[in-house]
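Report on the following structure.
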Amino acid sequence: DSLNCCGLGEDVTSDMPEFDIFIKEVAREMTTKAGQKCTAIRRIIVPENKVEDVQIALGKRLSKTLVGDPSVDGVRMGALAGMGQKEEVLAKIADLKRSQEIVIGDLEHFEVLGADKDKGAFVPPVVFFNDAPFEKQDVHHIEIFGPVSTMMPYKTLDEAIRLSMMGKGSLVSSVITADRAIARQYTLDAA
């Protein structure tokens with residue numbers, strides 16, 4: 001498996017346009033095709049002093065993602081491929097819950113528009129937080145083919161790069177920053 005990631009540069013603050021780009025990109029990547037694509041972001045790498053800002057902003061954005069029948073006006077995310085896929089996603093969420101906690105999303109209480117939540121393969125967007133991603137490494141090995149991602153903190157750019165590389169050769173790895181030096185170092189070293 002290769003677990004894709006998106007990192008937020010240390011230079012980015014919540015009032016910068018880059019912050020909004022980061023939040024929109026992570027939310028879009030999680031919810032497009034209900035996260036069922038090889039390039040979806042599975043790991044969100046955030047400076048430790050920005051975790052709360054990201055969690056709040058991402059939570060607000062994902063809370064506006066209406067789940068249900070895509071033909072219904074306003075629905076932003078449909079079902080998984082089938083009930084077998086839903087069972088697999090829920091089983092892998094349970095696996096990840098052993099080493100990290102869900103901070104955004106509720107698997108029991110979420111609304112489904114224009115469809116039966118119990119008969120359809122619906123799963124809401126779920127974001128985990130892993131407080132020690134160098135020690136709690138399930139996040140780097142277990143890929144959930146659904147609208148699920150894990151946020152993890154870093155202290156230095158070198159740590160962010162090391163975390164990105166722990167995903168077993170990501171198909172996609174990006175960094176959102178306004179600082180060319182950060183972009184250059186991340187790109188060259190992560191590659």
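Looking at G74, G105, just one residue is on the phi > 0 side of the Ramachandran plot and loosely packed, with under 15 Cβ neighbours inside 10 Å, and that residue is G74.
Just to be sure, is D138 touching a helix residue (DSSP H, G or I) at 6+ places or on another chain (Cβ under 7 Å) and at pLDDT 95 or above? For D138, the condition - touching a helix residue (DSSP H, G or I) at 6+ places or on another chain (Cβ under 7 Å) and at pLDDT 95 or above - is met. Inspect all residues belonging to segment 67-75 and state whether any of them is within 16 Å of N4 (Cα to Cα) and of a type in the set (A, V, I, L, M). No, because not a single residue in segment 67-75 is within 16 Å of N4 (Cα to Cα) and of a type in the set (A, V, I, L, M). Quick one: is K37 open to solvent by less than 50 Å² (accessible area, probe 1.4 Å) and without any contact (Cβ under 8 Å) to a residue 24 or more places away in the chain? In short, yes. Comparison of L90, L58 shows that the only residue that is at pLDDT 95 or above and buried (at least 19 other Cβ atoms within 10 Å of the Cβ) is L58. Looking across segment 113-154, the residues that are under 21 Å from K24 (Cα atoms), in contact with a Lys or Arg (Cβ under 9 Å, 6 or more places away or on another chain) and either open to solvent by 60 Å² or more (accessible area, probe 1.4 Å) or assigned to a strand (DSSP E or B) (or both) come down to F128, F145, V148, S149, T150, M151, M152, P153, Y154. Please verify whether segment 1-11 includes one or more residues that are aliphatic (A, V, I, L, M), more than 19 Å from F110 (Cβ to Cβ), open to solvent by less than 80 Å² (accessible area, probe 1.4 Å) and at pLDDT below 95. Yes, segment 1-11 contains at least one residue that is aliphatic (A, V, I, L, M), more than 19 Å from F110 (Cβ to Cβ), open to solvent by less than 80 Å² (accessible area, probe 1.4 Å) and at pLDDT below 95.
Based on this model, can you work out whether L171 counts as outside any loop (DSSP other than H, G, I, E, B), out of contact with any Gly (no Cβ under 8 Å at 6 or more places or on another chain) and open to solvent by 30 Å² or more (accessible area, probe 1.4 Å)? In short, no.
The values are calculated or read from the model by the stated rules, or taken from the named source; none is laboratory data. Predicted model only: the values in this text are computed from it and were never measured. Backbone-built Cβ (ideal geometry, glycine too); neighbour counts: all protein chains shown. Just so you know, the surface numbers come from the protein's heavy atoms only, side chains and all, with ligands and any DNA or RNA stripped out. Shrake-Rupley method; radii C 1.70, N 1.55, O 1.52, S 1.80 Å.
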